[in-house]
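The values are calculated or read from the model by the stated rules, or taken from the named source; none is laboratory data. Computed from a prediction, not measured in an experiment: that's the story for all the values here. So basically every Cβ, Gly included, is an ideal-geometry build from the backbone, and we count neighbours across all protein chains shown. Side chains are part of the model used for accessible areas, which takes the heavy atoms of the whole protein and leaves out ligands, DNA and RNA. Shrake-Rupley method; radii C 1.70, N 1.55, O 1.52, S 1.80 Å.
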Amino acid sequence: MDITTYKNYIDGEWRDSISKKTFLDINPANKEEVIGYFQQSSVADVRKAIESAAQAFKEWRRYPPAKRAQTLSRALVLLKERKKNIARDLTLEEGKTLRESRAEVESAIKEMEFQIGEGRRIFGKSSPSEKEKVFSYTVRQPLGAVSILSPWNFPVNVPCRKLTPALVAGNTVVFKPASFTPLSGLRLVEMFVEAGIPKGVLNFVTGSGSEIGDEMVTNPSIKAVSFTGSTEIGLRINSVASQNMTKMQLEMGGKNPAVVLEDADLELAADDILLAAYSCSGQWCTSTSRAILVEKIANEFIDILIEKAKKIKVGDGLNPDITMGPLAGESQFKKVLDYIEIGREEGAKIIVGGKRMEGSGYDKGFFIEPTIFVDVNPEMRIAQEEIFGPVLSIIRVNSFEEALKVANGVKYGLSSSIYTKDVSKALRFVEDSEVGLTHLNLPTSYKEVHLPFGGIKSSGFGLPEAGETGIEFFTENKSVYINYG
Ligand code: NAP
C-alpha cells in the first residue's frame, strides 16, 4: 500500500523540507501501521515560514476583523462538514476512542465559533481627557507573526483555540503540531487553505520540537509564542523567549486532585473520577490523578471505584465497544510503565491494573491497564509528578483541612474538584484551591469555551488563549490622544 508523504505549508505552497528528510506517523494501537510520512523540518525551513508570516502580516493586519472572520467562518464550515473524517484520523494517530475524538472535534467547533465571534469585540476604551478638546482612547492591535506550538493530546482542539483568536485578531502564524499527531494539524491547515486564507498568513511546519522549537521561539520576527505542552518544555521556552522579551502564554501540566468528603454522592464522585482519570488514557492535562478521600468513606469509595474500573474496556479506539485506547506513543508508554514501577518501589500498593496489556490485539500497541494505587503518601513521586497516563493515586486524609493541604501540596495548579453537599466546605475549597479552574461535584476535566482555561503555579504562565482572554493575549493596547481644538 502506498503511504502518503505530507508536506509543510509555507508562503501559500505545500513544500518538502529543504533537507527532504521525513519522519513517520504511526498508529499507537498498532505500531506497524504507518499513517504517513511528515517533513522533518530544519531551522532553515522554520526561517522561511517565519519570513513568510512576517511579510503577510503587513496586509493581513489591515483587513477589518469581520473580513478575517469570514475566512475563518468558511474554515469552520469545513470542520463541521469533515468532523467524522477528522475524528477518525485523530483516533488513528493519537489512539483515543472514536467517541473521545468526536467530542474533541465538537469542542474545537465550539472554540472556533466563540473566537470568531470575539473578533467583533476587539474593543478599546474611550476616556475623558485631562485637557479640553483632546479626545483620548485606546485601540487593540495585532502583534505580528506568532508561533503556535501544540501538544499531541488535543491535536485538533488546542490548535483551533490558538489559531482562531490569533488569526481573527490580525496576526499571522507559524504553527508546529506535536510530532505524535501531525496529521490532525495538517487537516486543520487544509481547511484554512481551502477557506481562502491569504498566502503567508498561516504557515505549517512539522518536525522535532527539540530541533526547531528554539528558532520558533527566539527568532526576532516572532512577536508572541502560544505554547501548550509539558511544564519542562514550557520552562525552557520561558527562559529562551524572555531573552527577546517575547510575549508568551504557556499552558502546561497538571496533577489534578479530586477531594471526596464524607457527605459526598459517592456514585457521582466515582463516575466523575474514573471519567477524568481514564478518558484519553489519562492523557488530559485536566485528568484526575489524585483522589483524596476522607477516612470515613475511603473503604466504601475504593470498593465502588474498583467495581467501576473493572468495566473499562481497553483496545483499539476505532472499535466502538472500547472505552479506553492506547497511550499515544512509545515514549509515553515507557514513561507510564516507569512511573508504575516507581510507585511500587515507593511502597504504594496496586489494587487495579498495573501492567501493560498482553495478548492478541495488544502486542503491537501501547496499551496499559487502568491502574489504581492505594497507600499513597502525598510526598511520593507518583503523588507529586505528572504521570500523564491511566494511573490514579489514592490518598487518605482525616479532615477537610488536611485534604485541602494535600490538594495544594504540589507544584502544579491546573484543575481541582471537590465532592460534598457542605456549602461552607465547598466554598472554602473554591476560595483556597490553588488552581486556574475548580469544580464542585463535577470532574476536574469539565470546561466551557467562553471562560478562560489556564493554570497557575507551574501549570500556566501568561494570559490563557482560550476564552475571552484569547484576543487580549493576541493583541496589544495603543493609547491615542487627539487634539481637535
Ligand atoms: P511537550 O513534549 O512539552 O510538547 C509540546 C509541543 O512543544 C510539541 O509540539 C513539541 O514538539 C514542542 N516542543 C518540544 N520541545 C520544544 C522546544 N525545545 N521548544 C519549543 N517547542 C518544543 O508536551 P506533549 O508531550 O506534546 O503534551 C503533553 C503535555 O501537555 C502534558 O504535560 C499536558 O499536561 C500538557 N497539556 C497542557 C494543557 C493545558 O491547557 N494546560 C493542555 C493539553 C496538554 P515535539 O512533539 O516535536 O517534541
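Descriptive notes on the structure:
- Condition met for LYS21 (in contact with a helix residue (DSSP H, G or I) (Cβ under 9 Å, 6 or more places away or on another chain), among the basic types (Lys, Arg) and either open to solvent by less than 50 Å² (accessible area, probe 1.4 Å) or under 19 Å from ALA178 (Cα atoms) (or both)): no
- Restricting the stretch 107-138 to residues that are among the basic types (Lys, Arg) and closer than 26 Å to GLU465 by Cβ, the residue that is most open to solvent (accessible area, probe 1.4 Å): ARG120
- Test: residue in the stretch 321-333 that is in a helix (DSSP H, G or I) and surrounded by fewer than 18 Cβ atoms within 10 Å (Cβ to Cβ): yes
- Pairs meeting the criteria (first residue in the stretch 131-155 and over 19 Å from GLN249 (Cβ atoms), second residue of a type in the set (Phe, Trp, Tyr) and more than 9 Å from the ligand (Cβ to nearest atom), beta carbons under 7 Å, at least 6 apart or on different chains) are LYS133/TYR484; VAL134/TYR481; PHE135/TYR484; SER136/TYR481.
- Every residue from the stretch 40-97 that is part of a loop (DSSP other than H, G, I, E, B) and either touching a Ser or Thr at 6+ places or on another chain (Cβ under 8 Å) or among the charged types (D, E, K, R) (or both): GLN40, SER41, SER42, ARG61, ARG62, ARG82, GLY95, LYS96, THR97
- Flag for SER242 being away from the ligand (no atom under 12 Å from the Cβ) and open to solvent by 10 Å² or more (accessible area, probe 1.4 Å): yes
- Filtering the stretch 373-415 to residues that are within 16 Å of the ligand (Cβ to nearest atom) and either on the phi > 0 side of the Ramachandran plot or surrounded by fewer than 19 Cβ atoms within 10 Å (Cβ to Cβ) (or both) leaves ARG381, GLN384, GLU385, PHE388, LYS411.
- Meets criteria (closer than 28 Å to PRO151 by Cβ and away from the ligand (no atom under 16 Å from the Cβ)) for ILE456: no
- Answer residue from the stretch 207-229, given it is among the polar types (S, T, N, Q) and more than 8 Å from the ligand (Cβ to nearest atom) and is nearest to GLY455 (Cα to Cα) among those: SER226
- Flag for SER281 being within 16 Å of the ligand (Cβ to nearest atom) and assigned to a helix (DSSP H, G or I): yes
- Some residue of the stretch 418-436 being part of a strand (DSSP E or B) and surrounded by fewer than 23 Cβ atoms within 10 Å (Cβ to Cβ): no
- Condition check for ILE368: of a type in the set (Val, Ile, Thr), touching a Pro at 6+ places or on another chain (Cβ under 7 Å) and within 30 Å of LEU318 (Cα to Cα): yes
- Answer from GLY325, GLY315, GLY359, GLY347 - the residue that is at pLDDT below 95 and either within 16 Å of the ligand (Cβ to nearest atom) or among the small types (Gly, Ala, Ser) (or both): GLY359
- Odd one out for GLY95, checked against (1) open to solvent by less than 10 Å² (accessible area, probe 1.4 Å); (2) more than 16 Å from the ligand (Cβ to nearest atom); (3) at positive phi: (2)
- Conditions (1) small (Gly, Ala, Ser); (2) free of Cβ contacts under 8 Å to residues at least 40 places away in the same chain; (3) farther than 20 Å from ASP45 by Cβ: number failed by ALA276: (2)
- Hey, VAL294 within 11 Å of the ligand (Cβ to nearest atom) and in contact with a helix residue (DSSP H, G or I) (Cβ under 7 Å, 6 or more places away or on another chain) or not: no
- Residues of the stretch 163-204 that turn out to be within 10 Å of the ligand (Cβ to nearest atom), buried (at least 24 other Cβ atoms within 10 Å of the Cβ) and either of a type in the set (Ser, Thr, Tyr) or not in a loop (DSSP other than H, G, I, E, B) (or both), as a count: 5
- Scanning the stretch 338-354 for residues that are without any contact (Cβ under 8 Å) to a residue 24 or more places away in the chain and buried (at least 19 other Cβ atoms within 10 Å of the Cβ) yields a total of 1.
- Pairs linking a residue in the stretch 255-272 that is assigned to a helix (DSSP H, G or I) to a residue that is among the acidic types (Asp, Glu), with Cβ atoms under 7 Å and 6 or more positions apart or on different chains, are LEU266/GLU300.
- All told, GLU232 falls short of being open to solvent by less than 50 Å² (accessible area, probe 1.4 Å), over 29 Å from LYS313 (Cα atoms) and within 10 Å of the ligand (Cβ to nearest atom).
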